[in-house]
Amino acid sequence: MPYEDGHTHSEPGLYRMPNDDLILQFWRTWCWSGTKQLRSKDNGKTWTVDIEQVEVEGVTGAEDNMAIGTEDFFVDPEHPSHLYMAFQYFRYNSKAGTLLARSTDNGKSYSFLSWIGPLADEKAPDGGATFEPAIEYVGKRTIVAVMRDAAGNRRTWQAISTNMGASFSPLTDISDKINGGVPNGLWQRVRLYKESNPYFQYNNQLSYARGEGRLWGFGLHSNGGGFTRKPVVYWSDDNGQSWHGPELLHGPMRPGTDTGYGDLKRRVDNTFVAATYYGHPPGSRNEADVEQYTFGGERATLIIETDRNGDGVPEADSRRCELHGGKNVVPVSSLPARRWRFRLLLGSNNKVRGPKIGSVDITARKTSAPR
């Protein structure tokens, strides 16, 4: 970390602000001591202390300067100066909970919006205590959140907001939906990414405002505690109503090893890159390192050609439209014609693992009277 004050700090979270600043958050000393925030205006070359102890203004039922950031964020595509960030309380008076906050000044201050998972007793197995929240915008002013269970790690929780974070649905246990054939497993420390999110992949052609593309979930798969975990990917084509996977990114684990707590990004060639720590058994010569995994690389491109006079020769086309997992809408109102021809180009990267394209369904929908 580019900062040292003689104290122990943990759980760094790095975020790009709407004005292009970078902020780095971390626990001030421990998970109940609040969040310190650094800022860089030169892409991480130099850093200054930005906020000594972050305050989330307006938190109900807890001290506003004890919220822990370092978790997950997105930028509102309809209001690009609005940053949404997930915070948590963990071991706060023996309670845990997760919340959503908003910043309209590039992370200089944060305002409480609502509880995602309200503060609950960490010792109550069925109390609904949550921590390590993931959030993502999925279109239509809707936010999906996935959280880890703080009371015994018995569940994976999900909540949805349909009013841009003003409130969230009651917590739903999605453990059965994400089991995916891996027995006795939990999905933990999740990070969510919509394929259209520009912070997830540079220069993509999908509409983040409309929530186009597949919803990806990266995290760790746990069989019940430390040194039993593997990095894992899930995906949803209906914005979290159902989940597919898991795709386990690591091969066989030796007894006593552990991996997880990483992050995921997408290259412009449609391959994904995930990086996590890898922990060796305590007392071994090399107790920890970093590992990288690459998967994906499937590609589907659609070109729509017009044939106005029916002679089989195209007069115009839509250019290449990149198709991603999930539902994609390709407007063709600028291509009036008696006939359309669809050209579908498929590509695959057989050098990497991961979910493959199984099928492409094309449906024409009329939205106005034909011209």
Tally time: how many residues in segment 15-39 are in contact with a strand residue (DSSP E or B) (Cβ under 9 Å, 6 or more places away or on another chain), closer than 18 Å to T104 by Cα and either part of a strand (DSSP E or B) or not aliphatic (A, V, I, L, M) (or both)? 11
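Residues are listed down the side, and each one gets a yes or a no for (1) at pLDDT below 95; (2) over 19 Å from P12 (Cβ atoms); (3) among the polar types (S, T, N, Q):
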residue	(1), (2), (3)
G61	yes, yes, no
T70	yes, no, yes
D76	no, yes, no
H79	no, yes, no
H82	no, yes, no
M85	no, no, no
Q88	no, no, yes
A96	no, yes, no
T104	no, yes, yes
Among the residues of segment 40-49, the number that are in contact (Cβ under 8 Å) with a residue 40 or more places away in the chain, within 25 Å of the chain's Cα centre (by Cα) and either within 18 Å of T8 (Cα to Cα) or assigned to a strand (DSSP E or B) (or both) is 0
Condition first: farther than 13 Å from S103 by Cα and in contact with a Gly (Cβ under 8 Å, 6 or more places away or on another chain). Now tell me which residues in segment 52-71 satisfy that. Q53, A62, D64, N65, M66, A67, I68, T70, E71
Extreme residue, farthest from the chain's Cα centre (by Cα), among residues of segment 50-78 that are more than 23 Å from L119 (Cα to Cα) and of a type in the set (A, V, I, L, M): I51
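Identify, from the list W157, W187, the residue that is closer than 22 Å to T276 by Cα, part of a strand (DSSP E or B) and among the aromatic types (F, W, Y). Let's see the steps before the verdict.
On the way: W157 fails: closer than 22 Å to T276 by Cα.
Within the list W157, W187, the selection yields W187.
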For segment 120-137, does any single residue satisfy the condition of being over 25 Å from T228 (Cβ atoms), touching a Ser or Thr at 6+ places or on another chain (Cβ under 9 Å) and not in a strand (DSSP E or B)? no
Pick from segment 1-27 the residues that are closer than 22 Å to A62 by Cβ and small (G, A, S): which of them is surrounded by the fewest Cβ atoms within 10 Å (Cβ to Cβ)? S10
State the number of residues belonging to segment 146-205 that are modelled with pLDDT under 90, surrounded by 22 or more Cβ atoms within 10 Å (Cβ to Cβ) and of a type in the set (G, A, S). 1
Being free of Cβ contacts under 8 Å to residues at least 40 places away in the same chain, surrounded by 15 or more Cβ atoms within 10 Å (Cβ to Cβ) and closer than 20 Å to W32 by Cα narrows it down to one residue among M85, M66; which is it? M66
May I ask you to verify whether V54 is out of contact with any helix residue (DSSP H, G or I) (no Cβ under 8 Å at 6 or more places or on another chain) and closer than 27 Å to I143 by Cα? yes
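Part of a loop (DSSP other than H, G, I, E, B), touching a Gly at 6+ places or on another chain (Cβ under 7 Å), without any contact (Cβ under 8 Å) to a residue 60 or more places away in the chain and farther than 24 Å from D121 by Cβ, is that true of N163?
It is false that N163 is part of a loop (DSSP other than H, G, I, E, B), touching a Gly at 6+ places or on another chain (Cβ under 7 Å), without any contact (Cβ under 8 Å) to a residue 60 or more places away in the chain and farther than 24 Å from D121 by Cβ.
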Could you go through segment 108-118 and let me know if any residue there is at positive phi and in contact with an Asp or Glu (Cβ under 9 Å, 6 or more places away or on another chain). no
Going by the structure shown, is T142 surrounded by fewer than 19 Cβ atoms within 10 Å (Cβ to Cβ), out of contact with any Lys or Arg (no Cβ under 9 Å at 6 or more places or on another chain) and within 22 Å of S236 (Cβ to Cβ)? yes
Subset tally (residues that are over 21 Å from the mean Cα position of the chain (by Cα), assigned to a strand (DSSP E or B) and more than 22 Å from V190 (Cα to Cα)) for segment 79-110: 0
Of all residues in segment 28-39 being surrounded by fewer than 18 Cβ atoms within 10 Å (Cβ to Cβ) and not hydrophobic (A, V, I, L, M, F, W, C), which is modelled with the highest pLDDT? S33
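The values are calculated or read from the model by the stated rules, or taken from the named source; none is laboratory data. A quick note: this is a predicted structure, and the numbers were derived from the prediction, not measured. Please note: Cβ atoms are built from the backbone with ideal geometry, for glycine as well, and neighbour counts cover all protein chains shown.
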